[in-house]
Amino acid sequence: MQKSLKGLRCFIDSEERTPKDIYKFVRFYEPEAVADLKKVKAYLFKDFNDSAKVHQLLAAVRVKEYLTENRDHNRQSRRPYDVYKLLYPQGTISEKNFNEGFEIIDAVELVDEGGDINASKTVARWRAMGESRESILRFLKAIAASSGVVPDLYQLSDGAVNGQITKKEFFETVKLFAKSGPSGTIDALCALEFGEKSDGPLENALVYYSVSSALREGDSVLIVEPSCEFVRKWMLDEYIRDCHVTFAVSDKEVCSVLAGHYKAMKYAQFVTVENITGVI
């Protein structure tokens, strides 16, 4: 930790750095210097003066470095902002702004974001109208294979067979995904999975960055049994698109939906766990 903090401080302080420079350095060269690699990206790319962001992060790193070097378990710990005022007597960063940066350096927030996915309400509505998980997966598989054109999926509906859903209601929900663009299908898949896995926050906040931050251009990696949100996060990550990834998924239908949705992404492939030997 101490070495990583020093490395980050020296990098920021050596010359003028942009938020993108700092994020790439933290993400791939000194990931241990920042506890919350997810939040640091949002923090650095906030819409305010670049030099202010860099200065605030540098101050937070220096305070964390000081507290790491000067631990005293026999007395009450100093507040980080008090240490900031000690190290920077003329400093002008407000306590609120300083704490925002320091929290990212100091701790990781484990939050399950599945409930915030755009498609959550629609998937919940599908379920309320009598659709099973299996039938929803069939819808998504067909939509993913249709290249954005809404196919005639009504015959796939369990609810229609049981008389629990009208054709109009069904197409209102299906059309949402066609209108929502490329993210619709994967959003719905994540929403369908939300609540089924208890380790989602740990996987997407810690494991994700532990794995992806170790990659370098041209590397290949095999990910076994990722959550759909993990896959979604990976495929949106512009910093690792020069790496080839294989996702091995146990559910054949989920694997099929993912493969259909991301068929244009040549750097990724999807296989079932039972076929994993063919790609190792």
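The values are calculated or read from the model by the stated rules, or taken from the named source; none is laboratory data. Here the structure is a predicted model, which is why all the values come from computation and not from measurement. We place every Cβ from the backbone using ideal geometry, glycine too, and count neighbours over all the protein chains shown.
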(message) Report every pair of residues separated by at least 6 positions or lying on different chains whose Cβ atoms are under 6 Å apart, first residue within segment 16-34 and in contact (Cβ under 8 Å) with a residue 60 or more places away in the chain and under 19 Å from residue 219 (Cβ atoms), second surrounded by 15 or more Cβ atoms within 10 Å (Cβ to Cβ) and not aliphatic (A, V, I, L, M).
(response) 27/213; 28/213; 31/213
(message) Checking the structure you have, find out if any residue of segment 217-234 is over 19 Å from residue 266 (Cβ atoms) and among the β-branched types (Val, Ile, Thr).
(response) yes
(request) Please enumerate the residues belonging to segment 181-221 that are modelled with pLDDT of 70 or more and small (Gly, Ala, Ser). (result) 188, 191, 200, 205, 210, 212, 213, 214, 218, 220
(request) Go through 68, 92 for me and flag whichever is among the β-branched types (Val, Ile, Thr), over 26 Å from the mean Cα position of the chain (by Cα) and at pLDDT below 85. (result) 68
(request) For segment 245-265, state whether one or more residues are more than 19 Å from residue 186 (Cβ to Cβ), surrounded by 15 or more Cβ atoms within 10 Å (Cβ to Cβ) and touching an Asp or Glu at 6+ places or on another chain (Cβ under 8 Å). (result) no
(message) Looking at residue 251 and the list (1) within 23 Å of residue 218 (Cα to Cα); (2) at pLDDT below 90; (3) more than 21 Å from the chain's Cα centre (by Cα), which single condition is not satisfied?
(response) (1)
(message) Residues that are in contact with a strand residue (DSSP E or B) (Cβ under 6 Å, 6 or more places away or on another chain): list the helices (runs of 4 or more DSSP H) wholly contained in segment 187-280 that include at least 3 such residues.
(response) 252-261
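Can you find, within segment 1-26, the residue that is nearest to the chain's Cα centre (by Cα) among those that are among the basic types (Lys, Arg) and closer than 18 Å to residue 240 by Cβ? Steps first, please.
Going residue by residue through segment 1-26, those that are among the basic types (Lys, Arg) are 3, 6, 9, 17, 20, 24.
Narrowing the set further to residues that are closer than 18 Å to residue 240 by Cβ leaves 20, 24.
Values: 20: 18, 24: 16 Å.
Only one residue fits best here, namely 24.
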(message) Residue under question is residue 222, and the condition is that it be assigned by TED's automatic domain parsing to the domain that holds residue 258, over 21 Å from residue 20 (Cβ atoms) and in contact (Cβ under 8 Å) with a residue 60 or more places away in the chain; does it hold?
(response) no
